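Where a number appears in this text, it was derived from the coordinates with a stated rule and is not lab data. Just so you know, these numbers come straight off a predicted model, no measurement behind them. Heads up, the Cβs are rebuilt from the backbone with ideal geometry, glycines too, and the neighbour counts pull from every protein chain shown.
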Amino acid sequence: MGTAPEANAMPSPRELVGHLVQAALKAADPEAAVRRAVRLEGERLHVAGRTYDVRRLANIHVIGAGKASATMARAVEGILGDRLAGGVVITKYGYARPTRRVAVREAGHPVPDEAGVRATREVVALASRAGPDDLVLALISGGGSALFVAPAEGLTLRDLQETTALLLRAGATIHELNAVRKHLSAVKGGQLARHVAPARLVALIVSDVVGDSLDVIASGPTVPDPTTFSEAWQVITRHGLAEQVPPAVRQRLQEGVAGRVPETPKPGDPIFKAVQNAVVAGNRQAAEAAAERARQLGYRALVLTTFLEGEAREVGTVLAALAREMATFDRPLPRPACLVLGGETTVTVRGDGLGGRNQEMALSAALRLEGLADVVVATLATDGGDGPTDAAGGIVDGHTVRLARERHVNVREALARNDSFHALEALDALLRTGPTGTNVNDLAFVIAGPAR
């Protein structure tokens, strides 16, 4: 891990957090990722390891959806210039970026809205016009599941909104949520590829999914769908929602299980012969960049995992336990040390408060950090918006709970009400980045400063 310099030459644990966030977001920058994957050399267009003769392409179109899609579109415009025929991408409200040839539409996330439906119609119309001599670049990133929304036949937007909200409140994982979404959609689960065919399709993907599962990122609009109607229905029943989902949703899933509704396209379907999917940025790159920055600043650093999952408040107790282990026994790293963890937790909503999984994780960790000196736990959503809030996450230490008592903030009650946002706000413990233009899942930093 290298030898750490003198303690006075390095930032404090709290100061280090800012450096780590900056390094992680730079590594996950979708514009830089696209520029690494796409380059134009004369008449040769290199895209994710493949080469196309631009002279043989009738048109190059851009389509896409996700929190990073506008930033990615801007990068493609910079590379292709006038060779780009145009395009349409859909991003979250507040995440638009100025573009010249690609239209950027904003829509609702995490619950889809009518703007998303209208924008998806535009994307599908463009995709359907592409001919056999065209190349379509699909720019896909986290958030695409909610933003790229086309209700399947017999369903309405309201049906999708209610079902999504029910699953989110029930604490469904992203894998579970997307299995259901695919089977209620006309574009998810590989179905976008049907609209693009017979044109060639290259999807450039910024992953926000643990393990970079292509069929899960944005509900896999350009990849074969391994999930089935039966699995989607099992998600509904497992969370006790069979009688709560809209009747039309229940009917479609049950008819799908009975084989009366066609399945999503599966592996081996010929529509995927002209499709290439490439992950250009993800959580792993962001985590490794943060760890490297910590080392540069004198801390011993380790990426402990990029497969972090589980109930947010329970994971928060684990983060605190790791901090206490480092502070007490110099394990798994001797101080000064920084552990980096990546992934995505879930929250089972039981209260009426406001917050997100990263804020709940941080607030839970605070309870078990009390009394520790020079130890910090910070958590953040890399898109800058944790849940339905304008904060990315939280930053807590051994003084947070004492400060809560002084300011009459009941941390346990806030957790019980899922009200981590207001509790952390009152403690000046929210971590804010603003919209980042990317989304590669969540990061957590466990930092122990130099021993005194």
Give me the angle, in degrees from 0 to 90, between the Cα long axis of helix 247-257 and the longest principal axis of the Cα atoms of the chain, rounded to the nearest 10. 70
Could you state the number of Å between the C-alpha centres of the stretch 332-362 and the stretch 151-174? 25
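Does the stretch 327-381 come out rounded, prolate or oblate, given a ≥ b ≥ c as the square roots of the eigenvalues of its C-alpha gyration tensor, rounded meaning a/c under 1.5 and, failing that, prolate meaning a/b above b/c?
Numbers: a/c = 3.10, a/b = 1.89, b/c = 1.64.
Prolate is the answer for the stretch 327-381, as a/c is 1.5 or above and a/b outweighs b/c.
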Global geometry of the chain, whether rounded, prolate or oblate, following the gyration tensor of its Cα atoms and the 1.5 cut on a/c: oblate
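Can you pull out the trypsin sites (Lys or Arg not before Pro) in the stretch 74-165 that DSSP calls coil and that have at most 14 other Cβ atoms within 10 Å? Don't skip to the answer; put the middle values down first.
Values: sites: ARG74, ARG83, LYS92, ARG100, ARG101, ARG105, ARG118, ARG121, ARG129, ARG158; in loops: ARG100, ARG101.
Hits after loop and neighbour filter: ARG100.
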If R0 = 22 Å, then TYR93 and GLU122, at their Cβ-Cβ distance, give a FRET efficiency to the nearest 0.05 of 0.85
Along the charge dipole of the stretch 186-294, Cβ charges K/R +1 and D/E -1, which of PHE272, ALA289, VAL206 sits furthest on the positive end? PHE272
Could you derive backbone 3J(HN,Hα) for the stretch 189-201 from the dihedral phi with the Karplus parameters 6.51, -1.76 and 1.60 (θ = phi - 60°), listing whole Hz in sequence and x where the residue is Gly or Pro? x, x, 6, 4, 4, 5, 6, 6, 3, x, 5, 7, 10
Descending packing, highest mean Cβ count within 10 Å first, for 171-183, 354-366, 11-23 is 354-366, 171-183, 11-23
Starting from the Cα of ALA258, step 7 Å along the direction of its Cβ; do the same at ASP133; then give the gap between the two resulting points in nm. 4.9
Hey, rough spin-label estimate for GLU114 and HIS19, points 7 angstrom out along Cα→Cβ, what's it come to in nanometres? 5.1
Once amide hydrogens are built 1.01 Å from N within the peptide plane, the residues lying 5 or more places from ALA138 or on another chain with amide H under 5 Å from its amide H are ILE63, VAL202, ALA203, LEU204
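Computed FRET efficiency, Cβ-Cβ of ASP428 and GLN234, R0 45 Å: what is it to the nearest 0.05?
Working: r = 44 Å, r/R0 = 0.97.
With R0 = 45 Å, the Cβ-Cβ based efficiency is 0.55.
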Could you work out [θ]222 nm for the chain from helices alone, using -39500 (n - 2.57) per DSSP H run of at least four and dividing by all its residues? Round to the nearest 500 deg cm²/dmol. -11000 deg cm²/dmol
To test your reading of the geometry: what angle, between 0 and 90 degrees and rounded to tens, separates the Cα axis of helix 157-169 from the longest principal axis of the chain? 30
Using alpha-carbon pairs under 8 Å, 6+ residues apart, how would you state the relative contact order of the chain in percent? 17
Place a point 7 Å from Cα of ASP53 in the direction of its Cβ. Which residues in the stretch 101-143 have their backbone N less than 15 Å from it? 133-134
Based on the Cβ-Cβ distance from ARG350 to ASP390, what FRET efficiency comes out when R0 is 22 Å, to the nearest 0.05? 0.40
Can you find, among VAL196, ALA85, TYR95, the residue sitting farthest towards the positive end of the charge dipole of the chain, where Lys and Arg contribute +1 and Asp and Glu -1 at Cβ? ALA85
Label-point gap, in nm, between ARG331 and LEU40 - each point 7 angstrom along Cα→Cβ: 5.7
Just going by the charge dipole of the chain, with Lys and Arg at +1 and Asp and Glu at -1 on Cβ, which of LEU333, THR306, ALA366 is farthest out on the positive end? THR306
Pairing the Cα long axis of helix 357-367 with the longest principal axis of the chain, what angle in degrees results, from 0 to 90 and rounded to the nearest 10? 10
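Let me make sure I get this right: for the stretch 1-160, a, b and c are the square roots of the gyration tensor eigenvalues over alpha carbons, sorted descending. Under 1.5 in a/c it's rounded, otherwise prolate if a/b > b/c, else oblate. Which is it? Kindly include the intermediate steps, with their values, before the conclusion.
Details: a/c = 2.98, a/b = 1.38, b/c = 2.17.
It is oblate, given that a/c is not under 1.5 and a/b is not larger than b/c.
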